[in-house]
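For reference, the structure is listed below as structure tokens.
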Amino acid sequence: MPFHRRYFPSRLARETRLPRVLILATVLCSAVLGPFSPLRLDAADVDRETEDAKPVSESDESSVSFSRDIRPLLSNRCFACHGPDAGSREGGLRLDQPDGDEGAIGYAIEPHSVEESEVWHRITADDESMLMPPPDSHLDPFNEEEKELIRRWIESGAVYEDFWAFRAPKRPQPPTTKNAEWSAQTVDQFVLRKLESVRRHPSEEADARTLLRRVTFDLTGLPPSREAIRQFESAYADSPELAWEELVDDLLSRPQFGEHIARHWLDLVRFADTNGMHKDFYRNHVSYRDWVIRSFNENLPYDEFVRDQIAGDLHPQPTRDQLIASGFNRLHLIIDRGTALPEESHVKNVLDRVTAVGTAFMGLTVQCAQCHDHKFDPITQKEFFSLYAFFNNIDAEPETNPRQVVDGFQEPFARFPSEAQQAELERLDAELAKLDQQIAPLNKRVNQITKRIQQIKAIEPANEEAAEPETSQAENLEGTATDAEAMTPEEEAHAKTIRAWDALKEALHNELGQSKSSLAKLQKQRAKLQRDQTTVERAVDKAMVMKERDEVRKTFVLIRGQYDAPGEEVQRGVPSFLPPLEPQSETPSRMNLANWMVAPENPLTARVAVNRFWQLFFGVGLVKTSEDFGNQGEVPSHPELLDELAVTFVESGWDIKALLKRIVMSKTYRQSSRATPDEFKADAENRLLSRGPRYRLDAEMIRDQILFSSGLLSTRMHGPSVKPPQPDGLWKAVSMTGERFRPDQGESIYRRSVYTFWKRAMPPPQMTILNAPNRDACIARRERTNTPTQALLLLNESEYLRAARQLAQSVVHEPAEDRIVFAYETVTSKLPDAEEIDVLHTLLSDLRDEYASSPALVDDLCEGVSIDESQDKVELAAWTVLCNTLYNLDITKTKD
């Protein structure tokens, strides 16, 4: 039974101060005679603390905080019926706010008294008809621990706090800790205070090799080389802090940094190389991907990074990079022409853009308000479509016409020719214009002659006798007379006329032939120039960009989100619970929205950004739900640390590299990841940050690591996406056009995974098997699973076997006694202990015996390698499988 005004005895008791027995009688009368509507207490009359009270400090773990402890419980179980969505609200009750006509205080919650709080009676009811949440909601009832939290909160005054993520971050007071010697860094002090509040302590610092491997992976996506290990160990032994800082600075300056960090952003904005719908045609966003890589390498301030993606095309004189950045608005899925109504396709495209902005920059599920008011966050449907209006004015077709799309570029797109290309195109244009000047009169003359010949045929005198096809009329006439004297004067005159007509036709035919010959030569030259022009033009850099229509398209609330059900007209705007937008003109622009997004008072943008960067290093953000900072998201594990990082990030000029350096320089980051079974059980996800990060590497890092350590990885940056080998027939299975996958050759197949061609209908299986997304939606954090398929992939993928053989070829050139250590260190960055060496020696011996008796297997493993001696082939085969085994070790696939 939902909450309803007529069934609130505790409320009646509060407002009328009647004994409960009389209240029961009142309710019974109300049920018979009609709803009882007592006066409602004003929030100001209730003896409680106000909702804008400061949130409880994270250091005060013993107290109960509405934001930290109570709101998540109510959001999960109550807000769907008693939250922001007026359309689904029941009983006239809002549990997400204390005051107002439907606020909880003075209605369902009585501060300091659970006995007079109807919420308490409902969540503890034995009668299923009164229990909240109701059994038919299929939501779990509150457990004893959760009930105790709610009881303590009510009895302590039922203080509502403003939602933490919707308040602008402020620099918190420096924390006070007992173990001040551990670290002087602010990041560490916040972490230590949290640990001390639960009687935990940080772990010891990891060893030099572990730290080197960890930070090299985290900042470049690649492992350190053996030479880098030697250099760092030597420097670290002399001066740990100096060596560490110099290492971090070096890694941040490497070009591989941008490639690695960009990969995470490409997940977030669903970057792909195809449309993702129906026939999944090729779409060229290479320039955008390369711009993201350059932006991180050049340390483009994050506010500019955001502004240029939302509205780079609206700068007064946009640069090349700003135009390319606006291509963020074109990364959505798009369907082919003829498969849906264009009006429906347009709406889907705009919805996708708004969803991307909400996820990538705001960390909110704004899309949940497209059909009705958001059920958990204070976003109305009207406010959603006000945000939608900013992206509803694109000057582009909503669907792909493959006949008009060349090289994957769909209008509008910008061209960026080099000086040489521009000069060549201008030369070719001039040559073509010159040829056109010659061709035009020739074409005209050919048409004139052709028309004249047709006219002559229509009016020339007819021969009285049938003429042979091979002879002229004059010859026919002359042939019919026995001699000249036999012709009458009339016949002779007729013959003369015929000869004149024949002469004229012959002259015209001769001229026509000459003109056509000259025209054909000129047209051949023109065709060659056009081919040259096409070749140069296709080599010109281009980028799909955002472009505004001259006339602003009207926007309407779409009833139930249906494209063909427009309701109330709306103007551009932002959700009312956030700071107001300050437009520069009557109609706010996307540039106004972009500036609002990165304004210091915006409570979301900086928090969302620093949380995602933190997630890169620890595997989970300070807010675990990095895609959702709303009511359904998790509260931050260290809220004051999050605000500290957000405030200093903005004050630094949105300096990304400075933020990342601050994180990895912390003692928190440098902890050992080791934990006892009890410690791990108590905090399996390491939310307390009592140890260093340890989790399986992402798919791209595993692949790039294998190629790097084997010596195969290409260092070439930027350019077209590449297609490493994959099983034949995968594309054909999802293609509607018979398209087949054709792998690249040579160096291209060894390029970093960030450049791998991403077909949305069939993403690279080497990536998706290891939890990479298909990029049809914005993904802020990847899932991590461990499946047998992953093991089979790493053991049997031909690309990885080839890399193992390449490493084996390097290993066999080392002294025999050093080979196992060389291979192990190259792959894992660690040195094997005695037991590991013994195990690997045994494996190697068994492999040698196996392959000595299996020449066919040896030939398969050594295919393409020039080796004369059979014994050498056996040795290479054995080491290939041993190296492949090393690539499959847990330590190789895990960041420790």
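Computed from the coordinates by the stated procedures, all read-outs in this text should not be read as laboratory data. None of the values given here were measured: they were computed from a predicted structure. With ideal geometry, Cβ positions are generated from the backbone for all residues, glycine too; neighbour counts draw on all protein chains shown.
The table that follows gives values for the structure above.
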| quantity | calculated |
| --- | --- |
| For the chain: relative contact order, % (alpha-carbon pairs under 8 angstrom, 6 or more apart) | 15 |
| Beta bridges by DSSP in the chain, antiparallel share as percent, to the nearest 5 | 80 |
| Highest-first arrangement of 91-102, 664-675, 381-392, 576-587, where packing means the average Cβ count within 10 Å | 381-392, 664-675, 91-102, 576-587 |
| Listed residue (S239, S117, I663) projecting farthest to the positive dipole end of the chain, Cβ model | S117 |
| Linear extension gain, L435 paired with T894, 0.36 nm per residue minus alpha-carbon span | 158.7 nm |
| Orientation-averaged projected area, Cα convex hull of segment 738-856 (nm²) | 11.4 |
| Relative contact order of segment 221-311, pairs being alpha-carbon contacts under 8 Å that are 6 or more residues apart, as % | 25 |
| Longest to shortest principal axis, alpha-carbon extents of the chain, angstrom | 147, 91, 49 |
| Compactness relative to 2.2 N^0.38 Å, alpha carbon Rg of segment 321-399 | 1.15 |
| Positive dipole terminus of segment 559-624, leading residue within G567, W596, G621 (C-beta point charges) | G621 |
| Volume per residue of the C-alpha convex hull in segment 795-895, rounded to whole Å³ | 97 |
| Signed unit charges on C-beta, dipole axis of the chain, positive-most listed residue Y160, G327, T768 | Y160 |
| Over 20 Å (Cα to Cα) - which of K444/K516; K661/K895; K830/K895; K178/K667; K348/K624; K348/K542 fall in this group | K348/K624; K348/K542 |
| Volume of the Cα convex hull of segment 491-578, divided per residue and given in Å³ | 291 |
| Aspartates and glutamates whose Cα lies under 20 Å from that of K521, excluding same-chain neighbours fewer than 8 positions away | D429, E431, D436, E511, D532 |
| Exposure proxy order (Cβ contacts within 10 Å, fewest to most) of T885, T894, T359 | T894, T885, T359 |
| Size of electric dipole in the chain: Cβ of Lys, Arg +1 and of Asp, Glu -1, about Cα centre, debye, nearest 20 | 920 |
| Karplus 3J(HN,Hα) series, Hz, for segment 103-113 with 6.51 cos²θ - 1.76 cosθ + 1.60 (x for Gly, Pro) | x, 6, 6, x, 10, 10, 10, 10, x, 6, 9 |
